[in-house]
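What follows is one structure encoded as structure tokens, with my remarks underneath.
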Amino acid sequence: MKLKDFDFRVWDKGINKYIENQTIAILNNRIFAGNTHEGQIGEFEFMSENYDNDIEIELWTGFYDKNGKKIYEGDIIRCEYHDGCILTYIIIFKYGSFYASEYNSSYIDLISEISLENYEIIGNIHENPELLKC
């Protein structure tokens, strides 16, 4: 993935929702959020003193699910296999790569475009944690 393709989303733990249409800046462990418009940086508003405790930055894997949706770290994906077996995984970033992991399991599988062609995003760890519990 090239830097121009880099993408992420931000989960705000204080309000329990994703920060939409914002540009996030972290300076000296302080978070600022603002809007950019046509390449121009607008006003940034102070959000928090300690970003480690208040937000989670989730990276885009560089891959899409079978419906064309971007797959981010923290997404919950599902695949139905030819034999009718349905498996659910969470996307994690570990050891410098993205993996699909079964809930409460030490098993992880390195993801690739080929491995994701039959998967679809059904939620994420913040808004739909119940999807991981069987």
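At-a-glance table
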item	result
Set of the range 88-114 residues, backbone N closer than 19 Å to the point 7 Å along the Cα-Cβ line of GLU130	88-90, 103-104
Exposure of THR88 as accessible area (Å², to 10), given a probe of 1.4 Å and all protein chains	40
Protein-only accessible surface order, largest first, of TYR81, TYR18, TYR64 at 1.4 Å	TYR64, TYR81, TYR18
Accessible surface, 1.4 Å probe, highest first, among residues SER101, SER112, SER106	SER106, SER112, SER101
Reduced Cα scattering model of the range 59-132, Debye log10 I(q)/I(0), q = 0.17 Å⁻¹	-0.56
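The values are calculated or read from the model by the stated rules, or taken from the named source; none is laboratory data. The shown structure was predicted, so the numbers you read here are calculated from the model rather than taken from an experiment. Quick reminder, even Gly has a Cβ in these numbers, built from the backbone with ideal geometry, and neighbours come from all protein chains shown. Note: areas computed on protein heavy atoms with side chains; ligands, DNA, RNA excluded. Shrake-Rupley method; radii C 1.70, N 1.55, O 1.52, S 1.80 Å.
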